[in-house]
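The values are calculated or read from the model by the stated rules, or taken from the named source; none is laboratory data. In this text, all values refer to a predicted model and were calculated from it rather than measured experimentally. Every residue, glycine as well, gets a Cβ built from its backbone with ideal geometry; the counts of neighbours run over all protein chains shown.
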Amino acid sequence: MRAEKKFISAEYLTKLNASPFFLVVDYRGLDVSRFTELRKRLSKAGAEVHVVKNTIFRIAAKEAGLADLTGTLSGQLAVVTGKKDIAAASKVVKNFQSEFEKPKLQFGYLGSQRLSPEEVKAIAELPPLAELQGKILGLLQAPAQKLAAIIGTPGTQLARVIKAKADQAAAQ
C-alpha cells in the first residue's frame, strides 16, 4: 500500500476509534449543496460525515477490530461518526433521507455491534439522551418524594390538631 493510502487509512482508523458509533450511507445522487447541508446538520448533532474510499475504509475497519466488511461496502459511501450519542446522528440522517430521499442508510455499528438500517431507524426514534436521563432521574426521585410525604403526613396532622386546640383554648 502506498504511503498516502496508509496515512488516509490511519486517519479513518483514528476517527473510528474515537467514535462510539459509525453509520455507513450511500450518498450517490446527492449534490454538493445538499451534502454540505447534511454536514451542517450533523455538525449541530455532534457528528461529522466523510466520503471514504471503500477499500481504504475496509482496511481501517479491520484494523479497528470490527468485523471484516468485505462484500458489504459497495457504491459511493460516506461514513458518519461522532463523539456524542448515536440517536442524534441517526435522527439527522433519517430526517434528511425523508426530505431528499438520500442518502441511503446501508448499516451502522454501535461499539462492536452491527446494526441493520431498521435498527438504526429505531434508534433515531428514541428521545434525545438528555431527555432520557431526565426521565430516569424523575423515576428515581419519585419514590423518595412519596416516602417523605408519607412519613411527614402524621406529624403534619398532629401539628394541625395541636394548633387547632391552642387556637380554641386562646379563643375561650
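Taken as a whole, the range 79-98 holds no residue that is touching a Gly at 6+ places or on another chain (Cβ under 9 Å), hydrophobic (A, V, I, L, M, F, W, C), farther than 27 Å from Asp31 by Cβ and at pLDDT 80 or above. Scanning the range 70-101 for residues that are among the charged types (D, E, K, R) and either closer than 23 Å to Lys53 by Cα or in contact with an Asp or Glu (Cβ under 9 Å, 6 or more places away or on another chain) (or both) yields Lys83, Lys91, Lys94, Glu101.
The helices (runs of 4 or more DSSP H) falling completely within the range 1-76 that include 2 or more residues that are at pLDDT 80 or above, closer than 17 Å to Lys104 by Cα and touching a strand residue (DSSP E or B) at 6+ places or on another chain (Cβ under 8 Å) map to 32-44. Residues considered: Phe107, Phe96. Of these, the only one that is outside any helix (DSSP H, G or I), touching a Lys or Arg at 6+ places or on another chain (Cβ under 9 Å) and not small (Gly, Ala, Ser) is Phe107. Would it be correct to say that Lys94 is touching a Phe, Trp or Tyr at 6+ places or on another chain (Cβ under 8 Å) and assigned by TED's automatic domain parsing to the domain that holds Asp26? For Lys94, the condition - touching a Phe, Trp or Tyr at 6+ places or on another chain (Cβ under 8 Å) and assigned by TED's automatic domain parsing to the domain that holds Asp26 - is not met.
Here Gly65 qualifies as free of Cβ contacts under 8 Å to residues at least 60 places away in the same chain, closer than 21 Å to Thr14 by Cα and touching a Ser or Thr at 6+ places or on another chain (Cβ under 9 Å). Pairing each residue of the range 99-111 that is surrounded by fewer than 19 Cβ atoms within 10 Å (Cβ to Cβ) with any residue that is polar (S, T, N, Q), provided the two are 6+ apart or on different chains, yields C-beta distances under 8 Å for Lys104/Gln97; Phe107/Thr72; Phe107/Ser116. Just name the residue that is surrounded by the most Cβ atoms within 10 Å (Cβ to Cβ) out of those in the range 119-146 that are more than 13 Å from Asp85 (Cβ to Cβ) and under 15 Å from the mean Cα position of the chain (by Cα). Among those residues, the one meeting the criterion is Lys121.
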